[in-house]
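What follows is a set of notes on a single structure, which appears directly below.
The values are calculated or read from the model by the stated rules, or taken from the named source; none is laboratory data. All of these numbers come straight from a predicted model, not from anything done at the bench. Glycine also receives a Cβ, built like all others from the backbone with ideal geometry; neighbour counts cover every protein chain displayed.
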Amino acid sequence: MQYDVIIVGGSYAGMAAALQLARARRRIMVIDAGLRRNRFAEHSHGFLGRDGHAPGAIAEEAKGQLLAYPTVTWTEGKAGKAARTDNGFHIEMEAGESFDARRLILALGVEDLLPDLPGLKERWGKSVFHCPYCHGYELNEGKIGVLAVGSISMHQALMLPDWGSTTFFTNGTFSPDEEQLAQLAARGVAVESTVVAGITGHADVNLADGRTVSLAGLFTAPATRPASPLAGQLGCALEEGPIGPYIRVNDTKETSVSGVFACGDAARAAGSVSLAVGDGAFAGAAAHRSLMFA
């Protein structure tokens, strides 16, 4: 059987895309590897109507609503290969199954490549974060740190004072020039140039000289990359963003490959649950339109 659309990725963007197509009574398949980017966080914030809810609960409720539509098939597993065919596209699963569709939507998500620092990975999504809009408010204007990974960290350091007293740990990865130091001073940001040895406790930054700076939360900007190689296999063009590559799309969320659409974190320079859902809804409607007027 050939599906109208296969959506690779069953998180927020993928399900939002699928919902538009399901409501248009199109035969669709969602392929989900089960690795939501925010799976490490206990609560999701900033998503209208679900502020403060557990991310997993939001996703499960959405999945249940989606599967109520009879034209939706859900397949758990990882898509390993994608290729164009004479009639559309062919997907091969790592487990061996294969499926065909007239259109593809890539809602692949991204992998966060965290700084290699003892204690940081274990606290990711709990007391170490990347998005102040998602997690800053809950720190209750306490002391906040920004762990530098490069020049992109200047942006974070200048943002965070709106959420609390901020210290910028340059950690040997970035040296602000005089103009940047003036900008940081104007925002009230303290600059700490001593190398960070590790993170302990809730969010205690242990410095190489033996000092410890206790924080309500620590922010950093990990590099990202699409969580699947499918876009590259299909020949989709990528853009180089400030923290890593992402899939290039046009105003209708279509990639450089006709018939392949992309949405969510893998198709924008930075993202959130709200942006992923909006992206997905747009991509789903655009894929449907391309089928109507093929």
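Worth pointing out:
- Just one of the numbered conditions (1) surrounded by fewer than 18 Cβ atoms within 10 Å (Cβ to Cβ); (2) closer than 27 Å to I28 by Cα is not true of Y246: (1).
- Across region 223-235, a minimum of one residue is classified as surrounded by 14 or more Cβ atoms within 10 Å (Cβ to Cβ), within 23 Å of G136 (Cα to Cα) and of a type outside the set (D, E, K, R).
- Hits in region 67-88 (condition: under 25 Å from the mean Cα position of the chain (by Cα) and under 16 Å from L230 (Cα atoms)): G77, K78, A79, G80, K81, A82, A83
- Region 78-106, residues that are aliphatic (A, V, I, L, M) and part of a strand (DSSP E or B): A79, A82, A83, I91, M93, A101, L104, I105, L106
- Here region 167-193 is the region considered, the condition is being of a type in the set (A, V, I, L, M) and under 25 Å from E138 (Cα atoms), and the residue that is surrounded by the fewest Cβ atoms within 10 Å (Cβ to Cβ) is A186.
- Single condition W74 does not satisfy, out of (1) at negative phi; (2) assigned to a loop (DSSP other than H, G, I, E, B); (3) surrounded by fewer than 19 Cβ atoms within 10 Å (Cβ to Cβ); (4) at pLDDT 95 or above: (2)
- Applying a threshold of 7 Å to beta carbon distances and a minimum spacing of six or more residues, or different chains, the list of pairs starting in region 42-59 at a residue that is assigned by TED's automatic domain parsing to the domain that holds L139 and within 18 Å of F129 (Cβ to Cβ) and ending at one that is assigned to a loop (DSSP other than H, G, I, E, B) and among the basic types (K, R) is empty.
- Subset of region 1-37 that is modelled with pLDDT of 95 or more and touching a Lys or Arg at 6+ places or on another chain (Cβ under 6 Å) - its residue that is nearest to S228 (Cα to Cα): V5
- Total residues in region 138-166, condition of a type in the set (S, T, N, Q), surrounded by fewer than 20 Cβ atoms within 10 Å (Cβ to Cβ) and not in a loop (DSSP other than H, G, I, E, B): 1
- The residue pairs whose first member lies in region 132-145 and is β-branched (V, I, T), whose second member is assigned to a strand (DSSP E or B), and whose beta carbons are closer than 8 Å, counting only pairs six or more residues apart or on different chains, are I144/G164; I144/S165; I144/T166; I144/T167; I144/G217; I144/L218; I144/F219.
- Condition check for V273 on (1) β-branched (V, I, T); (2) under 22 Å from Y3 (Cα atoms); (3) in contact with a Gly (Cβ under 9 Å, 6 or more places away or on another chain): one failure, at (2).
- Condition check for M29: touching a strand residue (DSSP E or B) at 6+ places or on another chain (Cβ under 9 Å) and either surrounded by fewer than 22 Cβ atoms within 10 Å (Cβ to Cβ) or within 20 Å of Q233 (Cβ to Cβ) (or both): yes
- When region 42-66 is limited to residues that are surrounded by fewer than 19 Cβ atoms within 10 Å (Cβ to Cβ) and among the small types (G, A, S), the one that is modelled with the highest pLDDT turns out to be G64.
- The lone exception for A267 - which of (1) more than 13 Å from the chain's Cα centre (by Cα); (2) in the same structural domain as E92 (by TED's automatic domain parsing); (3) not acidic (D, E) it fails: (1)
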